[in-house]
1. Would you mind pulling out the separation of the Cα centroids of the range 72-128 and the range 11-28, in Å?
2. At a 1.4 Å probe radius, carbon and sulfur cover how many percent of the accessible area of the range 2-74?
3. Can you compute 3J(HN,Hα) from phi for each residue in the range 117-128, using the Karplus curve 6.51 cos²θ - 1.76 cosθ + 1.60 with θ = phi - 60°, rounded to whole Hz and x for Gly and Pro?
4. For residue 41 and residue 13, compute 0.36 nm times the residue count separating them, minus their Cα-Cα distance, and round to one decimal in nm.
5. Please sort by residue number the trypsin sites (Lys or Arg not before Pro) in the range 4-46 whose DSSP state is loop and whose Cβ has at most 15 other Cβ atoms within 10 Å.
6. Filter the GluC sites (Glu not before Pro) in the range 1-109 down to the DSSP loop ones having no more than 10 other Cβ atoms within 10 Å, then list what survives.
7. Whole number please: convex hull volume per residue, Cα atoms of the chain, in Å³.
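The values are calculated or read from the model by the stated rules, or taken from the named source; none is laboratory data. Owing to the predicted nature of the structure, the values given are computational and were not obtained by experimental measurement. Note that each Cβ is placed from the backbone with ideal geometry, even for glycine, and that neighbours are counted across all protein chains shown. Each accessible area value is taken on the protein alone, full model and side chains, heavy atoms only, with ligands, DNA and RNA left out. Shrake-Rupley method; radii C 1.70, N 1.55, O 1.52, S 1.80 Å.
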Amino acid sequence: SLGVPQDLTLVQNYSSDTVGEAYFVKEMHISPRNFFDNLVVTRRFHTSWAMAIYEKILGSKFSTDFEPVETEKDNDPDTLAAEKESMDRFLKRSEGIDLGDSRKIEEMLYRTYGTYNDIPEDQRLRFY
């Protein structure tokens, strides 16, 4: 918890990856509450990837700080290669989407991300 009181910690359980996490946290917690300054705690090896995703999904209206946590995978070549591959896929899929464009990001999630694409239409959490 890094000293953050539990009543100030918000949890989102709908997503299955960092892209979905950033999007659903934005739509469920950050935007409705006008939380312009945010903190994300993530694994050290995942920090640069998470920063790029949150910047793309939240846009310039919000400020997000990152608190990296050390893990045994921080220098693992396979883990780092998988992170790069995931980042490359995200950048390709989100090409042409403006920073913070929630409507297009939601469309991208449900159309091109298998995890979300596989959710039956009537069970999808939609904001747009």
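1. About 11 Å separates the Cα centre of the range 72-128 from the one of the range 11-28.
2. That share works out to 49 percent.
3. Once θ is set to phi - 60°, the couplings for the range 117-128 become 4, 7, 6, x, 3, 6, 10, 6, 7, 10, 10, 9 Hz.
4. Values: separation 28, 0.36 × 28 = 10.08 nm, distance 1.54 nm.
Answer, rounded to one decimal: 8.5 nm.
5. On the way: sites: 26, 33, 43, 44; in loops: none.
Counting only loop positions with at most 15 other Cβ atoms within 10 Å, none of the trypsin sites (Lys or Arg not before Pro) in the range 4-46 qualifies.
6. Working: sites: 21, 27, 55, 70, 72, 83, 85, 95, 106, 107; in loops: 70, 72, 95.
Answer by residue number: 70, 72, 95.
7. Values: hull volume 14.7 nm³, N = 128.
Roughly 115 Å³ of hull volume per residue.
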